[in-house]
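Rule-based calculations on the coordinates, nothing more; no lab input. Predicted model, so just to flag it, every value in this text is computed and none were measured. In this analysis, Cβ positions are derived from the backbone assuming ideal geometry, glycine residues included, and neighbour counts consider all displayed protein chains.
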Amino acid sequence: MRKALKNVCFMILLLKMCIIFGQETTTKKRIVIDVGHGGKDSGAIGINGIQEKDAVLEIAQEILSLNENSETPMDIYLTRYGDTLIPLSDRTRLAKALNADLFVSLHCNHSNNPNARGVEVYVVNATSQYSDDSTWLAYQAQVAFNKKLGYESRGVKFANFQVLRETINYCPSILLELGFLSNWDEVRHLGVKENIVAIALSIFNGLQ
């Protein structure tokens, strides 16, 4: 109970800070990377024990590192920086408070079919002024993962995920499913540091 209260207080403080920062003018792109799951919500669990929440956090941290070492860094914020459960509504509030230029949600996939493999990119099944940009970005991400990393492309898909539904009226937003933890090849791939860096670099280049 105390830990949950601490997490809520932290998010409230963060949102207040973001509102202040969001009022400042900047020429940098402001991007919110939603790191899926966290805390007691492990997300999918791989057949080798890898947890989705850990894999996507590692990828997000590599994106931050790439940005810090870039000659033209962007303003990148994560919805969580550690193993913390953040409510979905707080994740989308962060994007709104920051007046984000883009919202990207990171996840890994799972299937009862052990042969299922590849990357899926989702956009919300709704219409707004940012719908076309979201769809275009989703297709660009699919192409990059397929051509640069060799991932099988499972296509751009439309869904009503809360984090997409609640951000599409404020900025372009996409959700990435970065391989299947139920597939031996892909779960082993995600367990190698060099591959995590390669995935992060592909995402980072797309953000730029």
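The table that follows gives values for the structure above.
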item: Proxy reagent accessibility, fewest Cβ within 10 Å first, across Thr27, Thr167; result: Thr27, Thr167
item: Within region 30-207: Cβ-based charge dipole about Cα centre, in debye rounded to nearest 20 (Lys, Arg +1; Asp, Glu -1); result: 280
item: Dipole of the chain [Lys/Arg +1, Asp/Glu -1 at C-beta], most positive-end residue of Thr84, Phe161, Phe180; result: Thr84
item: Fewest-first ranking of Asp83, Asp185, Asp54, using other Cβ atoms within 10 Å as the exposure measure; result: Asp185, Asp83, Asp54
item: Long-range amide H partners of Gly46 with built H, under 5 Å; result: Gln51, Glu52
item: 10 Å Cβ shell holding at most 10 others, DSSP loop, GluC sites (Glu not before Pro): longest site-free stretch of the chain; result: 72-208
item: Cross-link table Lys147/Lys193; Lys148/Lys193; Lys29/Lys96; Lys96/Lys193; Lys40/Lys148, entries beyond 24 Å C-alpha to C-alpha; result: Lys96/Lys193; Lys40/Lys148
item: Cα-derived Rg over Rh, computed across the chain with Rh taken as Kirkwood radius; result: 0.95
